[in-house]
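These notes concern the structure reproduced below.
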Amino acid sequence: MTRVPEVTFKDRRPCHNGDYDWYNLTTSEIFDDKRVVVFALPGAFTPTCSNFQLPGYDLSYHDFQALGIDAIYCISVNDGFVTNAWAQDQNIKNVKLIPDGNAYFTRSMGMLVNKSNLG
């Protein structure tokens, strides 16, 4: 079994007053002693990611649960402001979006790609 790198993600959670607070989420909290599905998308609000991939996993959540999966996570190289807005815009209820704004996790997994040819 491949061990994922230990990374701390900086995210924002809604508070009781309707605002958001920063919090840390570690890869240990995500993966240790759990069966999870993790997928990564190149960016929030991109057409294919928003129209098919992210909502597809959200709609399939109960099928994954039936197979013994504890959680589904989507990682993207965006900050917590963007991932929260994207989840809200897409009405995502079951997939947990993880912001990898500095690409620490993506780079450590060897999955960072160069998109300089696109613009």
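Brief remarks on what is shown
- For the chain, with all protein chains in place and a probe radius of 1.4 Å, 51% of the accessible heavy-atom surface sits on carbon or sulfur.
- Calculated [222 nm] ellipticity per residue, helices only, for the chain: -6500 deg cm²/dmol; basis is -39500 (n - 2.57) per DSSP H run with n ≥ 4, divided by all residues, nearest 500.
- Most simply put, the chain has about 40% antiparallel DSSP beta bridges, counting only bridges with both residues inside it.
- For segment 55-119: rounded, prolate or oblate by the Cα gyration tensor [a/c cutoff 1.5]: prolate
- Three-way shape call for segment 30-85 based on the alpha-carbon gyration tensor, with the a/c threshold at 1.5: oblate
- Global geometry of segment 1-48, whether rounded, prolate or oblate, following the gyration tensor of its Cα atoms and the 1.5 cut on a/c: oblate
- Per residue, in Å², the accessible surface of the chain once ligands and nucleic acids are set aside, probe 1.4 Å: 64
The values are calculated or read from the model by the stated rules, or taken from the named source; none is laboratory data. These figures come from a predicted structure and were not determined experimentally. The accessibility values were calculated without ligands, DNA or RNA, using every heavy atom of the protein model including side chains. Shrake-Rupley method; radii C 1.70, N 1.55, O 1.52, S 1.80 Å.
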